[in-house]
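The structure appears right after this line, and notes come after that.
Derivation of every value follows stated rules applied to the coordinates shown; laboratory data play no part. On a predicted model such as this, the values are computed, not experimentally measured, just so you know. Cβ placement follows ideal geometry from the backbone for every residue including glycine, while neighbour counts extend to all protein chains displayed.
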Amino acid sequence: MDDEVVRIQFEMTREKAADLSRLMRLTAIRSRRELFDHALTFFDWGVTESMRGHLVAAIDEGNGLYQPVLMPAFATARKFPGLQSGKRPKPRRPGARAARR
């Protein structure tokens, strides 16, 4: 694993910066770096699932309805079926046993 630290800097509106602060308060995240780590993990998962031909969605378990996450990036990723973004392992089927090492 490459532990070299790279500094990334970008600009955003005050409104977007306030959104970051609000999300940090709601989730007890202590730093912007931690927030972006979580966001990147979620985005990577969404891209990988889209590449697998799956929808990324919020599911209302109470009534069985779902609302797909509509993002242009996910739609673009769907054009590369069968590929993986590189970080996410393939999901195990329910009841499948973990591989022994």
Per residue, how big is the convex hull around the C-alpha atoms of segment 14-77? Give it to me in cubic angstrom, could you? 118
Counting only residues 5 or more places away or on other chains, whose amide H sits under 5 Å from the amide H of Ala57 once H atoms are built in the peptide plane? Val69
Going by how many other beta carbons lie within 10 Å of each one, how would you line up Ile8, Ile59, Ile29, fewest first? Ile8, Ile59, Ile29
Taking 0.36 nm per intervening residue step and subtracting the Cα-Cα distance, what contour gain separates Thr76 from Val5 on full extension? 22.6 nm
